[in-house]
Amino acid sequence: MTHPGGALTRAPRTPRARRYLLCRPTHFAVEYAINPWMREDADVDTALALRQWEDLVRAYRDHGHTVETVRPAPGLPDMVFAANSAVVVGGRAFGSLFHAPQRRPESHEYEIWFKGAGYDLHRPESPCEGEGDLVPVGRYLLAGTGFRTTRDAHAEVQEFFGRPVISLQLTDPYFYHLDTALFVLDDDLPADGLPADGTSTGGNGAGDAGGAALAYYPEAFSPGSREVLRQLFPDAVLATRDDALAFGLNSVSDGRHVFVAPRATHLIDQLTARGYVPVPVDLSEFHKAGGGIKCCTQELRP
Ligand code: ARG
């Protein structure tokens, strides 16, 4: 959908420098299948995966962002998906408890990094997969459930951060994490937060000086959750199934540049029309494990 406000007359979008935590894919492989993208006989080109991951790191650094890395541990082929290790807001870190037993030991490896970096990492009591399912936007936290992170964890994360958590029900196994179905384009909210009456204070709309902006694939959500998103983000970019299957919703935005899968062409056109600058980064080898750009990226919010 193209917003009626168009993009051509707006002031340029403003990027904000970010700090990201990534994990080099030294031990990346597809060795088990815990989502519909994974095949135990998947043929992963590890040299290509490494080059693709290095391209992502270079793209972040070239755009002024800081990249930290955690030590990759042998025997943990999914550890490259750093987003699942925690959610960090206001310098406080809420850790992970993986749904799949194969991934549980990752939490300990990341805990070592977080402790070393001076974070007092909270260990959740219920299954919770970090930024895979917990997406901070303004003073809210959007929280996915249905496949991995539980509603008990949503309650725990609300208590921990003291921010309103908005639970969203995921229904399509291909989009098993919230960050495969939705991403934040701009999390700068006006002081009074999200609009209460469903009218936009900006968002993706014309002439906005601030405001949360989101892109999502509506069909990944239950009807009720779709309605919640529609009310909170009336001007959101709505992606097609093809964009979602190309991992287009697994993007990272700094408020201006959107690091995005190159095959999400319809989404890329919409972003351009709204004044964002798409930066295509191809992580096709990681798609074989059900992950993309955002999955590989943990944002350390100060
Ligand atoms: N193979 C991993 C899993 O199924 C992929 C994780 C993708 N991460 C993400 N943030 N969506 O757990």
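Considering only the other residues whose Cβ falls under 13 Å of the Cβ of residue 105, what net charge follows from Lys and Arg at +1 and Asp and Glu at -1? Numbers along the way, then the final one.
Numbers: positive: 103, 104; negative: 78, 106, 109, 111.
Net of charged neighbours comes to -2.
Which residue, chosen from 214, 292, 161, occupies the Cα position most advanced towards the positive end of the dipole of region 19-299, where the dipole is computed from +1 (Lys, Arg) and -1 (Asp, Glu) charges on Cβ about the Cα centre?
Ranked along the dipole, the leading option is 161.
Does region 43-107 come out rounded, prolate or oblate by the C-alpha gyration tensor, with a ≥ b ≥ c the root eigenvalues, rounded set by a/c under 1.5 and, if not, prolate when a/b is larger than b/c and oblate if not?
On the way: a/c = 2.73, a/b = 1.10, b/c = 2.49.
In terms of gyration-tensor shape, oblate.
Skipping prolines and chain starts, which residues have an amide H placed within reach, meaning under 5 Å, of the one on residue 20, given they are 5 or more residues away or on another chain?
66, 67, 68, 300
Taking a quarter of the surface of the convex hull around the Cα atoms of region 19-299, what do you get in nm²?
Value for region 19-299: 13.2 nm².
If you take every DSSP beta bridge whose two residues both sit in the chain, what share of them, in percent to the nearest 5, is antiparallel?
The antiparallel proportion sits near 50 percent.
Would you mind checking which residues have amide H under 5 Å from residue 186's amide H? H placed 1.01 Å from N; only 5 or more apart, or other chain.
Amide H to amide H, under 5 Å and 5 or more residues apart or across chains, residue 186 pairs with 213.
Need the C-alpha centroid separation for region 226-296 versus region 109-131, integer Å.
27 Å
If you place +1 on the Cβ of every Lys and Arg, -1 on the Cβ of every Asp and Glu, and leave all else neutral, what size is the dipole of the chain about its Cα centre, to the nearest 20 Debye? Before the final figure, lay out each step's value.
Details: 29 positive and 39 negative charges, 115 e Å.
The calculated dipole for the chain is roughly 560 debye.
Using the basic label-point model (7 angstrom from Cα toward the beta carbon), what is the residue 71 to residue 104 distance in nanometres?
With each label placed 7 Å out from Cα toward Cβ, I get 2.3 nm.
If each residue's Cβ is checked for other Cβ atoms within 10 Å, how do 115, 294 rank with the fewest at the top?
On the way: 115 12, 294 31.
Ranking 115, 294 by Cβ neighbours within 10 Å, fewest first, gives 115, 294.
How much of the DSSP beta bridge set in region 1-118 is antiparallel, as a percent to the nearest 5?
Values: 4 of 9 bridges.
Beta bridges within region 1-118, antiparallel portion: roughly 45 percent.
For residue 239, list long-range residues whose amide hydrogen, built 1.01 Å from N in the peptide plane, is under 5 Å from its own amide hydrogen.
216, 217
Rounded to whole Hz and in sequence order, give me ³J(HN,Hα) for region 289-302 from the Karplus expression 6.51 cos²θ - 1.76 cosθ + 1.60, θ = phi - 60°, writing x for Gly and Pro.
Along region 289-302, the couplings run 9, x, x, x, 4, 5, 4, 7, 10, 9, 8, 9, 7, x Hz.
Set the Förster distance to 22 Å, then compute FRET efficiency between residue 219 and residue 269 from the Cβ-Cβ distance, nearest 0.05. Numbers along the way, then the final one.
Values: r = 19 Å, r/R0 = 0.88.
In this case the efficiency is close to 0.70.
FYI, it's all coordinate maths here, none of it is from the lab. What you see is a predicted model, and the numbers here were worked out from it, not measured in a lab. Counting neighbours? That spans all protein chains shown, and the Cβs are built from the backbone with ideal geometry, glycine included.
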